[in-house]
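Chemist: Take this structure first; my questions come after.
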Amino acid sequence: MALSPLVIHETAELLLHCVCAELTMTANRVEGQPGCPCRSCVVPGRPAWDDCAGDCVRAETAGQLTVNFSGMVSTSNFPSETRDVIGTRNCLPVRPAAEFVITLLRCAPTYDKSGCPPSCEELTEAARILAVDAASVWNALQCCFPSTSDARRGQTFVIGPQRTVGPEGECVGIEQRVTVALPSCRCPEGETS
């Protein structure tokens with residue numbers, strides 16, 4: 001089955017939109033919680049941890065939110081990867097499944113100018129922000145992303161593992177994996193699957 005040339009990128013954009021919207025809503029409900037970072041984008045490959053402090057002009061929320069395409073497999077029984085032989089003489093209902101990685105980075109407490117480590121209060125606040133961010137990303141996948149498809153049942157996807165990343169440098173955050181069954185169509189005339 002053929003893929004639309006833009007479907008992978010468009011799916012990444014939908015994921016980014018849903019997470020950013022949920023982070024903004026959460027910031028309005030939870031006092032002291034930062035919203036969607038001013039640096040939010042789809043990136044090629046693993047994101048560089050180069051802007052968790054956020055040099056954002058006229059923006060309130062520092063940090064970095066990225067979505068990247070990690071890889072793709074064929075599946076005839078989503079989400080399991082198929083090992084069936086695919087050719088012109090069989091008509092297997094194979095479709096592509098793409099894995100995406102959502103990475104949300106915030107500033108991590110670090111040593112002050114005199115070399116003292118962060119206080120327990122600063123560490124506790126960073127841990128609270130991280131936990132709320134984790135719940136927000138999960139909620140975005142559960143509540144927003146399913147409705148981003150015109151398919152009768154919405155998006156077909158599996159939420160993969162979520163883990164804490166960092167602290168590294170001045171960044172700490174979460175990484176969430178999600179595998180999405182991509183829509184496909186019949187091959188154009190003269191081409192085979």
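Taken together, the values in this text are just the output of simple stated rules run on the coordinates, not laboratory data. Everything numeric here is computed off the predicted structure, so don't read it as measured data. Note: ideal-geometry Cβ built from the backbone for every residue, glycine included; neighbour counts use all protein chains shown.
Chemist: Using amide H atoms built in the peptide plane, which far-off residues or other-chain residues are under 5 Å from Val42 H to H?
Modeler: Val67
Chemist: Moving to a separate point now. Run through the stretch 98-149 and list the chymotrypsin sites (Phe, Trp or Tyr not before Pro) located in a DSSP loop whose Cβ has at most 13 other Cβ atoms within 10 Å.
Modeler: Qualifying residues, ordered by number: Tyr111.
Chemist: Quick one: which residues, 5 or more positions from Thr156 or on another chain, have an amide H under 5 Å from its amide H? H modelled 1.01 Å from N in the peptide plane, none for Pro or chain starts.
Modeler: Ala181
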